[in-house]
Ligand SMILES: [Zn+2]
């Protein structure tokens with residue numbers, strides 16, 4: 001689990017979300033306007049983020065938790 005900080009592309013709000021897994025992360029929406037296009041902000045915690053963002057760009061060969069195909 002990780003507390004991550006996001007920035008809404010629509011209304012500019014920043015907010016934090018507790019993320020348990022990649023599916024949680026894909027479901028993050030802005031609490032103010034409901035916008036789904038939110039950007040993760042770099043936080044003070046991360047040095048593992050390079051690894052996890054490589055994982056996030058899934059071309060879906062079936063190795064991940066996404067439901068493509
Ligand atoms: Zn918003």
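The values are calculated or read from the model by the stated rules, or taken from the named source; none is laboratory data. Given the structure is predicted, the values throughout are model-derived calculations rather than measurements. Methodologically, a virtual Cβ is constructed for each residue, glycine included, from the backbone with ideal geometry; neighbour enumeration extends over all protein chains shown.
Does region 34-42 contain any residue that is out of contact with any helix residue (DSSP H, G or I) (no Cβ under 9 Å at 6 or more places or on another chain), modelled with pLDDT under 95 and away from the ligand (no atom under 16 Å from the Cβ)?
No, that holds for no residue.
Looking at region 1-28 only, could you name the residues that are near the ligand (Cβ under 8 Å from one of its atoms), assigned to a loop (DSSP other than H, G, I, E, B) and touching a strand residue (DSSP E or B) at 6+ places or on another chain (Cβ under 8 Å)?
9, 13
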